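Taken together, the values in this text are just the output of simple stated rules run on the coordinates, not laboratory data. This one's a predicted model, so the numbers in the text were calculated from it and none came from an experiment. Positions of Cβ are generated from backbone atoms using ideal geometry, with glycine treated the same way; all protein chains shown enter the neighbour counts.
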Amino acid sequence: MHHFHYLNNELYCEEIPVRDIARAVGTPFYLYSEATLTRHFQAFDSGFAGMDHLTCFAVKACSNIAVLNLFSGLGGGADIVSGGELFRALRAGVPPQRIIYSGVGKTAAEMREALEAGILMFNVESPQELDRLQAVASGLGVEAPVAFRVNPDVDPQTHAYISTGLAKNKFGIPVEDALREYVRARSMSNIAIRGVSCHIGSQLTRIDPFIEALGKLKKFISLLEERDIRITCLDLGGGVGITYADEQPPHPHDYARAIQKELNSMQCRLILEPGRVIVGNAGVLVTEVLYTKVNTGEDQEKRFVIVDAAMNDLTRPSLYGAYHEIRPVVDSGAPPQLVDIVGPICETGDFMARDRLLPRVSQGELLAIMSSGAYGFTMSSNYNSRPRAAEVLVSGGTFHVIRSRETYADLVRGEVIPVREEP
């Protein structure tokens, strides 16, 4: 459920007409509902009530510090994959003891920053990363708390680009190699073994792959226990999907019940890393219609709606072929037309939707690209030297600009023209 709804044929976010926000901040902009963010976080987290657990929001899904601060206030932590995300999480007020550090390419500098901050745990993804972490921790005179991200070779049945748990993916350590790395880590003076980690992919719409992966992890943990290696944390990652079109993902409580049933009597702290399932349907991208046009050929007529949002603002349709529902902000009841909804970027791949039935719209009208809260702004860029969009958070009857729209000056910040000597 989300708090975007129509009242008298006009789209509202909570108690505010989306059109009013557009007048105030301009377009395009990302719009988030605080009530929806709160509801979704609590719906996910409450499924594990009664268990020792920590819900670490996947910062890569939506990294604005206002959003991170909201989740931290609800008792959540952060799953990070870079030094920049660590900086954001700390700036947002997330306690370092609630921060998990994942990712295959951590640098020595990033390791040092995380160790100095005192994070909960590193999810180590390769033998060489373990060696580097030992060296960095030794240089600081501290212990690095670790889990190894185990690759269970489970098919998550999702898009190939967001599958992370197969042997052919770059993530994690194969089960047969991970045991050797745990034994090796035990002998390292500045490494403290805390847990086992696993993340098999994103936008999963079935529970079966999670349970298959968890079954393999349980067997692996038994092998560790046989070698007197004690595990206190089990990080199951994230990946629960949302409805973009006609998907039917599991309810978070159904997912939680299945996980708890499989865990049975295991005595360890459970760590979850949800992202999309919390923020995906809590945000939309609002854009204005710039032009409409019709291209005709020998055997076809093609209609285009050209908007001021582009693939630099929302890359998922062009990158993944992803579907996003697109709604008029003011529904005139006009008959639908088959159109391509495209942006201003000089690429044929710059589209929000192709061959989509959309009520007839005119210049100046607003469209809302739904379910854009996850991997929307965080994947945006300055391609074609386009300033990145504003981000706005609605809370009841008020709204806050939580990230200002970039300016042209922002585009060239840090760039210099070298002074050259005269020939």
Assigned charges on the beta-carbon of Lys, Arg, Asp, Glu; the stretch 264-423 dipole about Cα centre (debye): 520
Cα-only Rg/Rh for the stretch 361-423 with Kirkwood Rh rounds to 1.16
With label points built 7 Å along Cα→Cβ from the Cα atoms of L338 and A108, find their separation and express it in nm. 6.0
The Kirkwood hydrodynamic radius of the stretch 103-272, taken as the inverse of the mean 1/r over all distinct Cα pairs, in Å, comes to 16.6
Could you work out the percent of alpha carbon pairs in the stretch 1-149 separated by over 26 Å, rounded to a whole number? 39
Estimated 222 nm signal from helices in the chain, with DSSP H stretches of n ≥ 4 weighted -39500 (n - 2.57), rounded to 500: -8000 deg cm²/dmol
Can you check what the net charge comes to around V284, using other residues whose Cβ is under 11 Å from the Cβ of V284 (Lys, Arg +1; Asp, Glu -1)? 0
Members of K60/K216; K60/K218; K218/K261; K106/K216 lying beyond 18 Å, as alpha-carbon distances in this model show: K60/K216; K60/K218; K106/K216
Using θ = phi - 60° and the Karplus relation 6.51 cos²θ - 1.76 cosθ + 1.60, list the HN-Hα couplings for the stretch 294-310 in order, rounded to whole Hz, with x at every Gly or Pro. 10, 9, 10, x, 5, 10, 7, 10, 10, 9, 10, 10, 9, 10, 8, 8, 9
Can you give the local net charge around E406? Use residues other than it whose beta-carbon is closer than 13 angstrom to its beta-carbon, Lys and Arg +1, Asp and Glu -1. +2
Among A147, A24, A108, residue whose mean-square fluctuation peaks in a GNM of the chain (springs only between Cα atoms under 10 Å): A24
Name the most mobile residue of S265, S380, S72, meaning the one with the largest mean-square fluctuation, in a Gaussian network model of the chain with Cα contacts below 10 Å. S265
Once you charge only the Cβ atoms, +1 for Lys and Arg and -1 for Asp and Glu, what is the size of the charge dipole of the chain about its Cα centre, to the nearest 20 debye? 660
Based on the inverse mean of 1/r over its pairs of different Cα atoms, what is the Kirkwood hydrodynamic radius of the stretch 212-292, in Å? 15.6
How would D177, D228 line up from fewest to most surrounding beta-carbon atoms within 10 angstrom? D228, D177
Answer with one residue from M51, P335, P317: the one whose Cα lies farthest towards the positive end of the charge dipole of the chain, charges on Cβ with Lys, Arg +1 and Asp, Glu -1. M51
Using the number of other C-beta atoms within 10 angstrom as an exposure proxy, rank M311, M51 with the fewest first. M51, M311
Please report, in whole Å, how far the alpha carbons of the chain spread along each principal axis, starting with the longest. 71, 70, 49
So, with points 7 Å from each Cα along the Cβ direction, the D355-S138 label distance in nm works out to 6.0
Which value, in debye to the nearest 20, describes the size of the charge dipole of the stretch 103-272 about its Cα centre when Lys and Arg Cβ atoms bear +1, Asp and Glu Cβ atoms bear -1, and nothing else is charged? 320
Candidates Y182, Y32, Y408; GNM for the chain (alpha-carbon contacts under 10 Å) flags as most fluctuating Y408
Nearest-5 percent of antiparallel DSSP beta bridges in the chain? 50
Projected label distance in nm at K218 and R230, using a 7 Å step from Cα toward the beta-carbon: 2.2
Compute the signed sum of charges (Lys and Arg +1, Asp and Glu -1) over the other residues within less than 13 Å, Cβ to Cβ, of Q97. +3
Step through the residues of the stretch 347-353 one at a time and calculate ³J(HN,Hα) from phi using the Karplus curve (6.51 cos²θ - 1.76 cosθ + 1.60, θ = phi - 60°), rounding each to whole Hz and writing x for Gly and Pro. 8, 5, x, 7, 9, 9, 7
Assign one of three labels to the stretch 316-365, namely rounded, prolate or oblate, based on the Cα gyration tensor with a ≥ b ≥ c the square roots of its eigenvalues; rounded applies when a/c is under 1.5, prolate when it is not and a/b is larger than b/c, and oblate otherwise. prolate
Take T398, T36, T378, T296 and order them by how many other Cβ atoms sit within 10 Å, fewest up front. T296, T398, T378, T36
What Kirkwood radius, in Å to one decimal, follows from the Cα pairs of the stretch 333-388? 13.3
